[in-house]
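Colleague: The structure under discussion is supplied below as structure tokens; questions concerning it will follow.
Values quoted throughout were computed directly from the atomic coordinates according to the rules given, and no laboratory measurement underlies them. Because the structure is predicted, anything quoted here is derived from the model rather than measured. All Cβ positions, even for glycine, are placed from backbone atoms using ideal geometry, and neighbour counts span all protein chains on display.
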Amino acid sequence: MANSSPTLSLPISGMDCADCARTIQTGVSRLDGVESCAVNFAAARLNVSGSVTAEAVTARVRQLGYDIGQEAAPGAPVTPPPANFFGFLLQSQETRLALLAALFILPGLLFNEFLPMLGVEHWLFDVTSLLAMLLAGYPIARSGWRALRINRQITINGLMTIAAIGAVFIGAYSEAGLVMVLFALGEALEGYTVERSRHSIRSLLEVAPAEAIVLHPCMDCQGHQGKQMDDGTPYTSGPCPWCGSHEESVPVASLAIGATVLVKPGERIPVDGRVLAGASAVNQAPITGESVPVEKTPGDELFAGSINGQAALEVEVTRLAADNTLSRMIRMVEDAQEQRAPAQRFVDRFAEVYTPLVVVLAALTAALPPLFWDAPFWNTADGGQGWLYRGLALLVVACPCALVISTPVTIISAISNAARNGVLIKGGAFLEAMAGIRAIAFDKTGTLTAGRPAVVTVRSINCTSPAQGSCAPCTPCADLLALAAAVEQRSEHPLARAVVSASQLFPNPYPVAEGVTALVGAGVSGAVNGRPVLVGSHAYFEANVPHGLEQCAQIDAASGLGQTPLLVSAGAEYQGYITVADEVRESSRRVLGELRLAGMEHLVMLTGDNPATANHIAAQVGVTDVRAGLLPEQKAGAIQELLSRFGPTAMVGDGINDAPALATATVGIAMGAAGGGTAQAMETADIALMGNDLSRLPFLVGLSRAAMQTVRVNVALSIGIKLVFLLLVLAGWGSMWLAVLADVGTSVLVTLNGMRLLGWRG
């Protein structure tokens with residue numbers, strides 16, 4: 001079931017870790033009137049539904065120590081993050097304090113931790129360490145206290161605060177300062193890497209120019225008033241036929257639907273639009289991932305961000321900048337983080353109970369050995385670690401930063417990479433599900449084939465040609481084609497369009513049919529000049545309209561050649577048949593071969609076409625499992641059967657007539673298509689291939705597997721390194737500052753490992 005649109009969608013600033021997102025989500029959820037609340041960490045956005053006001057939400061976010069950011073205007077340039085980490089540190093007061101604290105901690109660190117053998121001790125070293133702790137730790141402690149007071153929640157910031165205060169209590173001043181400095185710098189470094197990951201999403205906007213050249217026709221030209229036009233009448237007003245248009249550069253965000261823009265050779269197309277004049281090869285790779293430029297002529301659709309080829313194009317704007325294909329892609333990529341993968345949901349739930357348990361475990365570690373085994377509670381005079389210190393160190397070691405950040409950065413990096421390569425993944429859950437797919441079912445028409453069928457044979461029962469098959473056509477056959485076209489005019493089916501297109505070569509004596517009714521999976525019927533006319537499948541006619549054995553044999557022979565027969569009746573009497581054939585996509589056989597090499601052994605074709613045609617096409621693309629003659633609900637049943645036999649199954653179709661099968665499959669994958677198909681695909685499927693072929697499907701399979709492998713590696717690293725340092729701490733061989741350094745290092749390591757997927761190519 002689709003989620004209702006949020007009442008509020010607000011950008012959040014100051015959020016640099018997944019724990020921050022959880023703190024905001026918990027705090028806002030407690031407000032009166034909130035029905036649901038979700039924080040999209042990857043996009044730094046808060047979505048809230050319910051009767052709560054924006055003022056109340058804003059106030060709560062600020063109470064928790066964060067703020068509401070500024071919305072970027074459509075078409076506005078994207079602000080990149082600082083080029084280096086030092087520049088990032090200088091952006092906010094908290095990070096500047098951490099940088100200053102790093103300077104204050106150096107004397108105490110040098111003499112108390114690294115060079116104690118020199119015997120240089122001075123109370124000023126303790127003062128500078130305490131000052132460093134206060135500078136770096138104040139924002140951390142404030143955040144931890146706010147979460148505890150408002151949310152009744154112990155956060156990672158709370159753990160670090162307890163550990164630092166405990167270290168001061170036992171006289172470990174330099175360690176207290178170093179823990180806070182390292183943790184603050186580590187949080188800043190994590191925020192820096194996450195911000196670069198977020199920028200990878202926003203930078204998708206940069207593929208479309210911020211300005212466009214608008215063509216303004218000269219209106220009501222005074223200089224040519226009264227001049228005779230081509231039709232002999234004098235010019236008085238309106239567009240001037242002699243002056244043409246003048247050019248004006250304007251922001252893309254200001255363009256209205258219907259405006260005409262000029263795209264020069266080599267320029268990026270600024271808008272979603274329709275070609276009015278000109279012909280050129282357009283590189284659609286930034287949107288669809290297609291490697292070969294696509295020829296565009298008047299009437300063809302264009303996507304913002306595509307690159308024009310060798311000729312100028314005049315383009316009519318069909319969508320506003322805020323609603324073009326590129327903008328919708330970006331919103332969906334950002335929203336995808338809310339559809340959390342099962343692995344991420346598990347980590348999030350684990351973190352909610354993990355932190356309180358750590359506090360309890362640390363307290364038991366500090367108290368039980370001294371109580372029951374006479375172990376030292378305080379640090380010993382010879383430098384040995386007491387169990388209070390070990391309990392405090394355990395708080396630091398157990399900080400779940402790396403574990404919490406390991407999954408979301410990986411998921412959003414993979415989703416961003418997919419979007420850049422013409423694959424729109426609607427959520428982390430679908431990315432993870434795709435990695436486990438064992439079988440893929442394909443629709444035939446428009447998926448494995450080009451979806452541009454053409455009439456091959458027209459054969460009327462009154463055909464004057466002695467040869468079997470098609471004729472010139474003769475007058476009876478042309479009449480049969482016209483009759484079928486009169487009914488098919490009202491249909492959007494690809495086969496119907498083929499019939500209508502073929503009929504336009506001859507005069508059509510029939511009006512468009514009335515009362516047209518689609519017979520799902522069987523054909524279409526209507527009334528032509530008051531006479532009922534039916535255009536349908538051979539199977540339907542076998543059961544409902546008598547026709548001769550000779551015609552059956554001819555129809556079966558055509559089906560065996562991969563042609564789809566359409567039988568025609570008028571007044572319940574059989575009139576003849578038309579066959580239509582579709583060509584196999586050049587990429588289909590190659591793609592299916594690549595999928596087999598990747599270990600995808602179960603490839604199935606599901607089609608409503610007859611078995612002979614289906615088997616003919618299947619033989620060309622290399623599919624051995626063919627299910628033909630299926631109605632839409634039967635396709636869904638076939639998917640259920642595949643699920644029970646093979647496990648997780650994907651369905652690839654056009655997103656509209658394959659909707660039941662797409663919804664039934666573990667993952668529904670829709671193909672994009674020129675002329676608006678892409679928009680439909682984006683809205684209806686779990687995953688959309690933006691291009692009009694299957695070439696990106698092996699990339700999708702490989703990327704999803706690489707993403708989940710990266711998640712597993714990151715989780716293993718996070719837990720493994722924690723366990724090693726936990727054992728070191730319990731054995732008395734680990735220190736607090738080494739523990740926090742390990743935590744920071746692991747967080748950065750898993751973040752960078754996840755971000756590798758931004759450049760994954762297979």
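Colleague: Among bridges DSSP assigns within the chain, what percent are antiparallel (round to 5)?
Modeller: In the chain, approximately 80 percent of DSSP beta bridges are antiparallel ones.
Colleague: A further question on this structure: For Arg452 and Ala553 in the same chain, what is the full-extension length gain: residue separation times 0.36 nm, less their Cα-Cα distance, in nm?
Modeller: Stretched fully, the Arg452-Ala553 segment lengthens by 33.7 nm.
Colleague: At 0.36 nm per residue, minus the direct Cα-Cα distance, what do Glu55 and Leu371 gain on full extension? Give it in nm, one decimal, please.
Modeller: Separation in residues times 0.36 nm, less the Cα-Cα distance, equals 108.6 nm.
Colleague: Among 700-711, 479-490, 362-373, 89-100, how do they line up from the highest to the lowest mean number of other beta-carbon atoms within 10 Å?
Modeller: Descending mean neighbour count gives 479-490, 700-711, 89-100, 362-373.
Colleague: Tell me which aspartates and glutamates have Cα within less than 12 Å of Lys426's Cα, excluding those fewer than 8 residues away on the same chain?
Modeller: Glu334, Asp335, Glu338, Glu683, Asp686
Colleague: Using only the Cα atoms of the range 8-68, what semi-axes does the equivalent ellipsoid have when each is the square root of 5 times a gyration tensor eigenvalue? Give whole Å, largest first.
Modeller: So the equivalent ellipsoid measures 17, 11, 10 Å along its semi-axes.
Colleague: What FRET efficiency do you get for Ala281 and Arg590 if R0 is 22 Å and r is their Cβ-Cβ distance, rounded to the nearest 0.05?
Modeller: Efficiency, rounded to the nearest 0.05: 0.50.
Colleague: Specify, per residue and in Å³, the volume enclosed by the convex hull of the alpha carbon atoms belonging to the range 363-412.
Modeller: Each residue corresponds to 75 Å³ of Cα convex hull volume.
Colleague: Also, I was wondering about something else. How much length, in nm to one decimal, is gained on full extension between Thr517 and Glu641, taken as 0.36 nm per residue of separation minus their Cα-Cα distance?
Modeller: Residue separation times 0.36 nm, minus the Cα-Cα distance, leaves 41.5 nm.
Colleague: Two decimals is fine: what's Rg over Rh for the range 209-323, C-alpha atoms, Kirkwood radius as Rh?
Modeller: 1.07
Colleague: Sticking with this structure for a sec: Under 30 Å from the Cα of Lys264, which lysines turn up, not counting those fewer than eight places away in the same chain?
Modeller: Excluding near neighbours in sequence, the set is Lys296.
Colleague: Also: Roughly how many whole Å is it from the C-alpha centroid of the range 592-644 to that of the range 490-535?
Modeller: 29 Å
Colleague: Using the count of nearby Cβ atoms within 10 Å as a rough guide to exposure, how do Asp16, Asp374, Asp300 rank from fewest to most?
Modeller: Asp374, Asp300, Asp16
Colleague: Distances over 17 Å make up what percent of all Cα-Cα pairs in the range 454-581?
Modeller: Distances greater than 17 Å cover 51 percent of the Cα pairs.
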